[in-house]
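Okay, structure first, notes after.
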Amino acid sequence: MLKLRTESLEWALKHIENYGDTDIFPVPFEYEAIRYLWDTNTRELPNGTNLKEYLRNQDMLQWKVRDFRKCLTPKHQYGFRQSTQLDPLDTLVYLALVYEIGHDIESKRIPVDRNVSFSYRFNPDDEGRMFDSEIHYGSFLNYCETKVDEFIGDENIKYIVVADIADFFPRLYLHPLENALSSCTTKTNHAIAIKKLLNNWNYSISYGIPVGQDASRLLAELTLNDIDQGLIGEGVDFCRYVDDFRIFCSSEKEAYQQLAILAEMLFENHGLTLQQHKTRIVPVDEFRREYLKSRESVEIERLSDKFWEILQEIGIDDPYGDINYDFLPEDFQQEIDRMNLLEILQEQIDSESADSKIVGFVLRRMAQLQNTDALDLVLENIDKLYTSFKHIFVYLNELDLNESQKESVSEKLISILDDSIVGHLEYHRMWLFHTFSNGQGWNIDKLATFYNEYFDDTSRRKIILALGQENQQSWFKTRKRSIMQLPNWQRRAFLAAAKCLPGDEASHWYRSILPRLDVLEVAVVKWAMSR
């Protein structure tokens, strides 16, 4: 038997509330419902307890995974990946299990001071942060720069291998991960429980771990630890950030030899391969010019370049992490505020390929300032900002728009569904409909039509929530008797949105169906009734 500790569950919920459940999807409203019933007992839960105690009492070796959802998401302009959003209770369990063996995993990895792996070093805090904030992609670049500086004038060091694993998370074989879990901890039941979760999410397919989850990131790092150790054993001078490798060599011949060692280890140990178009052997000077050029002292002409220079002065150059304006030193905040953020956006739109990190930061800052000047610009150029789609809608959802602005925005968003190249992906439709579900006053007449037009679960769930926000009582009245026929994610949306039913109709209906609901649905109903 394996039961999770109370403090682990508390940490997992804080992690989600402060950092989200993934870095890809909107955070599900269910976490608000979970928090509402986290410490509040109710007779509708087993033994009249609360959600925290319910999870605390579960045997993780017998835990049955719940419905998750996958959809195709853009990785870059012409590339895609399958991303996963787990059921909220599964996410809590997954995080708590990995958290409880996190220090065991970290102790198994090559120590930080060896300057080998700069990604996702386990160092949690009480507010739900999982990883050491001092070790990140910027640290990786700094180390590479230091190595290159040491190479100047050294005739023995001339070439650097730049290599990247192809489809790392989706193609990661589970058997090596399971072996690594078993060998890294004496908490055997934790390893067994995590293996069962991964196998059940994969329907017994032997590869792939959930994309976008912090728990998955730590497991992936554990899995690559044998590659780190193997390269060290072969005398290879290298460093790594997630699936990006840099190998420092004395000759082109040695570079080919060590690249072959890496490729063979990845394939033999994990069935992984390197991305051909990202794998190169480059001379030191070219490496400085092409891979560290953003860190050189060059004349800054474009606002976007100046913007990057400001961020890099304080070590913020991690493409995998968000930039929080509030955490920047005051003098850097002032320098950013003096810049023309709208012109930076225009530069990105006019460029061959927009930098989603710059776009994301600028839009988050404009949202903090409640600056709506970028609304028309980003919506009219959404095809060019294809890879920044999420950032556009995070910006849009944080603005306090008036009725006239909502009317104008809603017309543009609906036109995107029909006319834009981005409207074909359910991931994009999900974010678009999320806007309509994220507050009242949009007055969208076609919501019910959209529900009948789009059949994917992600779109329909958001449309149901939007119908509730728009107080479409008749739509819910005609469908409430067939709610149990809906898929789980849509059913929870219906339960949350049906609070719009008039008078006591909602409360009477909620009470009548409570005995038929599972624990998460009970939490959603209790939370909806409280609102």
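Table for the structure above
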| quantity | calculated |
| --- | --- |
| Residue match in region 192-212 (condition: under 19 Å from LEU89 (Cβ atoms), among the small types (Gly, Ala, Ser) and either at pLDDT below 95 or not in a helix (DSSP H, G or I) (or both)) | yes |
| Residue list for region 108-133, restricted to those being in a loop (DSSP other than H, G, I, E, B), in contact with a Lys or Arg (Cβ under 9 Å, 6 or more places away or on another chain) and either open to solvent by less than 30 Å² (accessible area, probe 1.4 Å) or hydroxyl-bearing (Ser, Thr, Tyr) (or both) | ARG109, VAL116, PHE118, SER119, TYR120, ARG121, GLY128, MET130 |
| Total residues in region 490-511, condition open to solvent by less than 70 Å² (accessible area, probe 1.4 Å) and either part of a helix (DSSP H, G or I) or over 22 Å from GLN440 (Cα atoms) (or both) | 15 |
| Residues of region 429-446 satisfying the condition of being out of contact with any Pro (no Cβ under 6 Å at 6 or more places or on another chain), within 11 Å of ALA466 (Cβ to Cβ) and of a type outside the set (S, T, N, Q) | LEU432, PHE433, PHE436, GLY439, TRP442, ILE444, LYS446 |
| Selection status of ARG461, assigned to a helix (DSSP H, G or I), open to solvent by 10 Å² or more (accessible area, probe 1.4 Å) and among the charged types (D, E, K, R) | no |
| Hits in region 341-380 - residues which are over 23 Å from ASP400 (Cβ atoms) and among the polar types (S, T, N, Q) | GLN346, GLN348, SER351, SER353, SER356 |
| Subset of region 15-34 that is crowded, with 18+ Cβ neighbours inside 10 Å and charged (D, E, K, R) - its residue that is farthest from ASN438 (Cα to Cα) | ASP21 |
| Residue in region 154-163 that is in contact with a Leu (Cβ under 8 Å, 6 or more places away or on another chain), in contact (Cβ under 8 Å) with a residue 40 or more places away in the chain and either within 28 Å of ALA33 (Cα to Cα) or open to solvent by less than 30 Å² (accessible area, probe 1.4 Å) (or both) present | yes |
| Matching option when the condition is open to solvent by 10 Å² or more (accessible area, probe 1.4 Å), in contact with a strand residue (DSSP E or B) (Cβ under 9 Å, 6 or more places away or on another chain) and either closer than 24 Å to THR22 by Cα or touching a residue at least 60 places away in the same chain (Cβ under 8 Å) (or both), among GLU398, GLU426 | GLU426 |
| Positions within region 434-459 being closer than 15 Å to GLU403 by Cα and aromatic (Phe, Trp, Tyr), in sequence order | PHE436, TRP442 |
| Of all residues making up region 473-489, the number that are part of a helix (DSSP H, G or I) and open to solvent by 10 Å² or more (accessible area, probe 1.4 Å) | 10 |
| Residue count, region 512-521 (criterion: surrounded by 16 or more Cβ atoms within 10 Å (Cβ to Cβ) and not hydrophobic (A, V, I, L, M, F, W, C)) | 1 |
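For every residue, the table says whether it meets (1) at pLDDT 85 or above; (2) in contact with a strand residue (DSSP E or B) (Cβ under 7 Å, 6 or more places away or on another chain); (3) not in a loop (DSSP other than H, G, I, E, B).
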{"position": "ASP322", "(1), (2), (3)": "no, no, no"}
{"position": "ASP326", "(1), (2), (3)": "no, no, yes"}
{"position": "PHE332", "(1), (2), (3)": "no, no, yes"}
{"position": "MET339", "(1), (2), (3)": "no, no, no"}
{"position": "ILE349", "(1), (2), (3)": "yes, no, yes"}
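Condition check ((1) open to solvent by less than 30 Å² (accessible area, probe 1.4 Å); (2) basic (Lys, Arg)) across all residues:
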residue	(1), (2)
PHE168	yes, no
THR188	no, no
ILE192	no, no
TYR207	no, no
SER216	yes, no
ILE232	no, no
ARG240	yes, yes
LEU262	yes, no
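Every residue, every condition in (1) farther than 30 Å from SER182 by Cβ; (2) at pLDDT below 95; (3) open to solvent by less than 10 Å² (accessible area, probe 1.4 Å), yes or no:
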| residue | (1), (2), (3) |
| --- | --- |
| GLN58 | no, no, no |
| TYR78 | yes, yes, no |
| ASP87 | no, no, yes |
| LEU95 | no, no, yes |
| VAL98 | no, no, yes |
| ASP104 | no, no, no |
| CYS144 | yes, yes, yes |
| ASP149 | yes, yes, no |
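The values are calculated or read from the model by the stated rules, or taken from the named source; none is laboratory data. Treat the numbers as computed from the prediction; the structure is a model and nothing was measured. For neighbour counting, all protein chains shown are included, and Cβ atoms are generated from backbone atoms with ideal geometry for every residue, glycine included. For accessibility, only protein heavy atoms count, side chains too; no ligands or nucleic acids. Shrake-Rupley method; radii C 1.70, N 1.55, O 1.52, S 1.80 Å.
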